[in-house]
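Reading through the structure tokens given below for one structure.
The values are calculated or read from the model by the stated rules, or taken from the named source; none is laboratory data. Values in this document were obtained by computation on a predicted structure and should not be read as measured data. Note that each Cβ is placed from the backbone with ideal geometry, even for glycine, and that neighbours are counted across all protein chains shown. For the accessible areas, the whole protein counts, side chains as well, though only heavy atoms, and no ligand, DNA or RNA atoms are used. Shrake-Rupley method; radii C 1.70, N 1.55, O 1.52, S 1.80 Å.
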Amino acid sequence: EKANVYDTAFHDLLQEHAFLLINTARRSIDSSAAFSDSKTALQNNIEEVAAQISIIYGTDAGHQFSNLWNNKINNIIAYTDAVKNGDLTANSTFYSNMAIYEENSANWWSKLNPEINKAMIRQSITEHVNNVKQAVDFWEAKDYSNYFSKLHDSYTQIGDYADIIVTGIVKQHPELFE
């Protein structure tokens, strides 16, 4: 029962994250007045996910997680700024920055929890990043049908990311879920 409650909370927060992240990036592209509110909601979500991690690994791990995801968000917002300013290096800069984030994040998870396979989590992180970028690109191109499709893909795919993490947590700390 405890594992099911934790799993549900973690999945819900990560799916909310996918929506909030893409929504914040979309509002950044549009220079929307609602960008600040979106970013605040996204930041609150990150802190809620970090709190779930802190339950298992302590507050230092929660802070490390927040730093990783804030780095991801900063890279995505920098990408949206570069795109709307016509920067021809936007894509290459984005992929370079995100490759570093993806590797750091995969390393962090696999060191925090040896039950989390580094290659599997890295692949899932990369898929998440690619879904977000593609959604942003479709929005910027005013291709709303593909935007909403990619938003759906991102929402669904982050569930796979959550599965890898929660499965690893329950395997590593079964005593917490008895």
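Of note:
- Residues that are at pLDDT 95 or above, under 28 Å from S149 (Cβ atoms), of a type in the set (A, V, I, L, M) and open to solvent by 10 Å² or more (accessible area, probe 1.4 Å) occur at least once in the stretch 36-56.
- Meets criteria (closer than 26 Å to S36 by Cβ, out of contact with any strand residue (DSSP E or B) (no Cβ under 6 Å at 6 or more places or on another chain) and either modelled with pLDDT of 95 or more or surrounded by fewer than 19 Cβ atoms within 10 Å (Cβ to Cβ) (or both)) for N71: yes
- Among the residues of the stretch 120-136, those identified as farther than 16 Å from W69 by Cα and open to solvent by 50 Å² or more (accessible area, probe 1.4 Å) are M120, Q123, Q134.
- Within the stretch 139-178, being open to solvent by less than 60 Å² (accessible area, probe 1.4 Å) and farther than 15 Å from L14 by Cα holds for W139, D143, Y147, S149, K150, G168, I169, V170, Q172, H173, F177.
- Hey, A90 without any contact (Cβ under 8 Å) to a residue 12 or more places away in the chain, farther than 24 Å from A162 by Cβ, hydrophobic (A, V, I, L, M, F, W, C) and touching a helix residue (DSSP H, G or I) at 6+ places or on another chain (Cβ under 7 Å) or not: yes
- Residue match in the stretch 5-17 (condition: assigned to a helix (DSSP H, G or I), touching a Leu at 6+ places or on another chain (Cβ under 7 Å) and either open to solvent by less than 30 Å² (accessible area, probe 1.4 Å) or within 22 Å of I165 (Cβ to Cβ) (or both)): no
- Among residues of the stretch 91-119, those that are under 16 Å from the mean Cα position of the chain (by Cα), of a type in the set (A, V, I, L, M, F, W, C) and surrounded by fewer than 17 Cβ atoms within 10 Å (Cβ to Cβ), counted: 2
- Selection from the stretch 116-170 of residues that are touching a Lys or Arg at 6+ places or on another chain (Cβ under 8 Å) and among the polar types (S, T, N, Q): N131, Q134
- Listed conditions (1) touching a residue at least 60 places away in the same chain (Cβ under 8 Å); (2) in contact with a Lys or Arg (Cβ under 8 Å, 6 or more places away or on another chain) are all met by A34, apart from (1).
- Qualifying position, being closer than 20 Å to L151 by Cα, modelled with pLDDT under 95 and in contact with a helix residue (DSSP H, G or I) (Cβ under 6 Å, 6 or more places away or on another chain), among I76, I29: I29
- Test: residue in the stretch 127-134 that is at pLDDT 95 or above, β-branched (V, I, T), under 15 Å from T24 (Cβ atoms) and out of contact with any strand residue (DSSP E or B) (no Cβ under 6 Å at 6 or more places or on another chain): yes
- Considering the conditions (1) in a helix (DSSP H, G or I); (2) more than 12 Å from the chain's Cα centre (by Cα), S31 is excluded by exactly one of them, (1).
- Boolean, I73 is of a type in the set (A, V, I, L, M), under 13 Å from the mean Cα position of the chain (by Cα) and closer than 16 Å to I125 by Cβ: yes
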